[in-house]
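**Q** I'd like to ask you about the structure that follows.
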Amino acid sequence: MCPVNLNPVPLKMKCLLKYFGNPIFKSFALLTVLLFSACGETDKTEEEIAKITVDLKISRFDQEFANASANDIPQLKTKYPYLFPEQFSDSIWVAKLTDTLQVELSEEVAKAFGDFDQESEGLESLFKHIKYYFPGAQVPHVVTLTSDVRYDNRIILTDTLLLIGLDNYLGENHHFYEGLQRYIATNLDKKFLVSDVASAFSKKVLTYPRNRTLLSRMVYYGKELYIKDKLIPAATDAQKIGYSDEEMEWALANEEQMWKYFVERELLYSTDAGLDRKFLDPAPFSKFGLELDNESPPRLGRYMGWQIVRAYMEKTGTELKQLLGMPADEILKQSNYKPKR
């Protein structure tokens, strides 16, 4: 890594030109070539996916509850039994109808999402792509709700049901999130909603590795992100990984130096669990032990795993389903991964 501030423009980067010349221009040029070469095949695939029909049922429980009276509670319990735990009496739900926080949550969700049309289109497109790549997958019943900002469980996906806590997508600066750490609040934006659902699906088709090396876990998350490449191709890379545009730019510009860091310190095959906290787990930033740390994006190990998987798939043309069970070391070996210069 660069021994001094490595931040890319616009994050006060001072070393990049030494290593990359003009890294943003080179990345853009490479991207342009790749886009043109893959354009025909991608267009054909997207045309086939567009023809797929999915019966996507979306129920706005958040609106139904917000507009309900005490007399409506029994009917709602019958319609949505999974949202009304038996240990709670009806009086709890009746009281919640007029609870100040609940009322405000409902009002803020209504302001942010309105008719939910844009999100519905995004979800329909997602499940069309899922049916194309995973024909046996069921299309779940989508139910939107408020969850008292339980951001850890903002998306719950089963085979037949998808619960979305809309109060977790009101925008990073919403006053509901004032008590949250900044790195958590930044992902509570509706631009990440469909991406979060894609993540939830990917976890259903991937198995977390038993191998305890850092590489195995990097590649696991890389597979998750590559699945998103296929399921939500219209999303930006920043949306897929949960970065701001500036963080994405930082990762692209410093990819070569990060790879050198992992290789030269022999971290890839390390089983030190502390590396997860440094490079994989949600956090304010990645932890290289250098001055640049508090300016770096979080979860850069996932980003690197993503680039390894992309390189492997580009080189081998492996089918998506075959990728899922491939060992990480085999993927790295066959990928001939070399960071963009």
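**Q** Of all residues being among the basic types (Lys, Arg) and assigned to a loop (DSSP other than H, G, I, E, B) in the range 42-72, which is nearest to the chain's Cα centre (by Cα)? Just the residue, please.
**A** Going through the range 42-72, the residues among the basic types (Lys, Arg) turn out to be 44, 51, 57, 60.
With assigned to a loop (DSSP other than H, G, I, E, B) added as a condition, the list becomes 51, 57.
On the way: Lys51: 26, Lys57: 23 Å.
So the residue we want is Lys57.
**Q** Suppose the filter is of a type in the set (Ser, Thr, Tyr), without any contact (Cβ under 8 Å) to a residue 60 or more places away in the chain and surrounded by 17 or more Cβ atoms within 10 Å (Cβ to Cβ); does Ser147 pass it? Don't jump to the end; show me each part of the working.
**A** Details: of a type in the set (Ser, Thr, Tyr): yes; without any contact (Cβ under 8 Å) to a residue 60 or more places away in the chain: yes; surrounded by 17 or more Cβ atoms within 10 Å (Cβ to Cβ): yes.
It is true that Ser147 is of a type in the set (Ser, Thr, Tyr), without any contact (Cβ under 8 Å) to a residue 60 or more places away in the chain and surrounded by 17 or more Cβ atoms within 10 Å (Cβ to Cβ).
**Q** Does Leu275 satisfy the criteria of being part of a loop (DSSP other than H, G, I, E, B) and either closer than 15 Å to Asn254 by Cα or in contact with a helix residue (DSSP H, G or I) (Cβ under 6 Å, 6 or more places away or on another chain) (or both)? Can you show your working first?
**A** Details: part of a loop (DSSP other than H, G, I, E, B): no; either closer than 15 Å to Asn254 by Cα or in contact with a helix residue (DSSP H, G or I) (Cβ under 6 Å, 6 or more places away or on another chain) (or both): yes.
Considered against the rule, which asks whether it is part of a loop (DSSP other than H, G, I, E, B) and either closer than 15 Å to Asn254 by Cα or in contact with a helix residue (DSSP H, G or I) (Cβ under 6 Å, 6 or more places away or on another chain) (or both), Leu275 comes out as no.
Condition check ((1) modelled with pLDDT under 95; (2) assigned by TED's automatic domain parsing to the domain that holds Pro297; (3) of a type in the set (D, E, K, R)) across all residues:
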| residue | (1), (2), (3) |
| --- | --- |
| Tyr221 | no, yes, no |
| Asp229 | no, yes, yes |
| Gly242 | no, yes, no |
| Glu247 | no, yes, yes |
| Gln257 | yes, yes, no |
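**Q** Looking at (1) touching a residue at least 40 places away in the same chain (Cβ under 8 Å); (2) over 30 Å from Pro135 (Cα atoms); (3) not in a helix (DSSP H, G or I), find the lone condition where Ala235 falls short.
**A** The failed condition is (2).
**Q** Read through the list (1) more than 22 Å from Met304 (Cα to Cα); (2) surrounded by fewer than 19 Cβ atoms within 10 Å (Cβ to Cβ), then give the number of the only condition that Arg212 fails.
**A** (1)
**Q** Between Asn294, Asn211, which is of a type in the set (S, T, N, Q) and either at pLDDT 95 or above or within 18 Å of Tyr183 (Cα to Cα) (or both)?
**A** Asn294
**Q** Can you find a residue that is among the small types (Gly, Ala, Ser) and loosely packed, with under 15 Cβ neighbours inside 10 Å anywhere in the range 266-280?
**A** At the first step, the residues of the range 266-280 found to be among the small types (Gly, Ala, Ser) are 270, 273-274.
Going one step further and asking which of them are loosely packed, with under 15 Cβ neighbours inside 10 Å, we end up with 273-274.
The answer is yes; a qualifying residue exists.
**Q** Name the single residue, out of those in the range 209-232 being in a loop (DSSP other than H, G, I, E, B) and touching a helix residue (DSSP H, G or I) at 6+ places or on another chain (Cβ under 6 Å), that is nearest to Ile156 (Cα to Cα).
**A** Ile232
**Q** Taking the residues in the range 282-301 that are without any contact (Cβ under 8 Å) to a residue 40 or more places away in the chain and in contact with a Lys or Arg (Cβ under 9 Å, 6 or more places away or on another chain) as candidates, determine which candidate is surrounded by the fewest Cβ atoms within 10 Å (Cβ to Cβ).
**A** Here the residue is Gly289.
**Q** Select from the range 180-204 the residues that are touching a residue at least 40 places away in the same chain (Cβ under 8 Å) and either of a type in the set (Lys, Arg) or not assigned by TED's automatic domain parsing to the domain that holds Ser125 (or both) and list them in ascending order. Step through it out loud before you land on a result.
**A** Just the residues of the range 180-204 that are touching a residue at least 40 places away in the same chain (Cβ under 8 Å), to begin with: 181-184, 186-187, 190-201, 204.
Correct list: Arg182, Lys190, Lys191, Lys204.
**Q** Output the residue which, of all residues in the range 313-341 that are of a type in the set (Ser, Thr, Tyr) and in a helix (DSSP H, G or I), is farthest from the chain's Cα centre (by Cα).
**A** Among residues in the range 313-341 that are of a type in the set (Ser, Thr, Tyr) and in a helix (DSSP H, G or I), the one farthest from the chain's Cα centre (by Cα) is Thr316.
**Q** Which residues, taken from the range 307-336, are under 20 Å from Val205 (Cα atoms), of a type in the set (A, V, I, L, M) and free of Cβ contacts under 8 Å to residues at least 60 places away in the same chain?
**A** Within the range 307-336, just Met326 meets the criteria.
**Q** Another one. Run Ile331 past the list (1) of a type in the set (Val, Ile, Thr); (2) buried (at least 20 other Cβ atoms within 10 Å of the Cβ); (3) over 18 Å from Glu224 (Cβ atoms) and report the number of the one that doesn't hold.
**A** Condition (3) is where Ile331 drops out.
The values are calculated or read from the model by the stated rules, or taken from the named source; none is laboratory data. Note that this is a predicted model, so its numbers are computed, not measured. Cβ sites come from the backbone with ideal geometry, for glycine too, and all protein chains shown count toward neighbours.
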